[in-house]
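What follows is a set of notes on a single structure, which appears directly below.
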Amino acid sequence: LGVNGFGAIGAAFALIAILRIFVNTGLDNQAIRETAQQSDRVPEIFSRIVGFRIVIAISGFVAVLAIQLFFNVSNAYNSQLVLIYSGLLFVDAFSTGWVFRGLEKFSFVTLGVFIQHVIMAAIIAMIRDFFAILNIIFSFI
């Protein structure tokens, strides 16, 4: 990837990290408490929390698109990386770790964290190949 590649990844990830704060909005703690207190209402709590997070994630994605369109992003790599990383907004929206914490099923929490780390490593590996593919495409333009 080189210095420029890791810089582009870092910049894209930083922008999305800021938006991910709004998707999470501290709802995990409230949802864990509600789930622990009312385990019979988990489907209702789940749909309420995830529904709200989906609305916030869509808003964040629209904000990313607006930034891409209105602020002339000079580097095609950066703009595409930001769009790829914006998918993390939806991963956060559908995150279910809080359900298992509230129900005290920590083996599922551990498995989920492991899977998240594997996916993140795979994304970084794909981005490395992504840069190679983009170089080939842009060499013909």
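The values are calculated or read from the model by the stated rules, or taken from the named source; none is laboratory data. Computed from a predicted structure; not experimentally measured. Cβ sites come from the backbone with ideal geometry, for glycine too, and all protein chains shown count toward neighbours. Quick note on the areas: whole protein, heavy atoms, side chains included, nothing else; ligands and nucleic acids left out. Shrake-Rupley method; radii C 1.70, N 1.55, O 1.52, S 1.80 Å.
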On the formula 1/(1 + (r/R0)^6), with r taken between the Cβ atoms of Ser39 and Leu111 and R0 of 25 Å, the FRET efficiency rounded to 0.05 is 0.80
The extension gain from Phe22 to Thr96, computed as 0.36 nm times the residue separation minus the Cα-Cα distance, is 25.0 nm
Relative contact order as a percentage, segment 27-100, C-alpha pairs under 8 Å and 6+ apart, gives 47 percent
Counting only protein heavy atoms and leaving out ligands, DNA and RNA, the solvent-accessible surface of Ile9 at a 1.4 Å probe, in Å² to the nearest 10, equals 20 Å²
Looks like segment 7-67, by Cα gyration tensor root eigenvalues a ≥ b ≥ c and the a/c under 1.5 rounded cutoff (else prolate when a/b is bigger than b/c, oblate otherwise), is prolate
The answer for the net charge of residues other than Trp98 whose Cβ lies under 13 angstrom from its Cβ, with Lys and Arg +1 and Asp and Glu -1, is +1
If the chain between Ile119 and Phe71 were fully extended at 0.36 nm per residue, the gain over the current Cα-Cα distance would be 14.3 nm
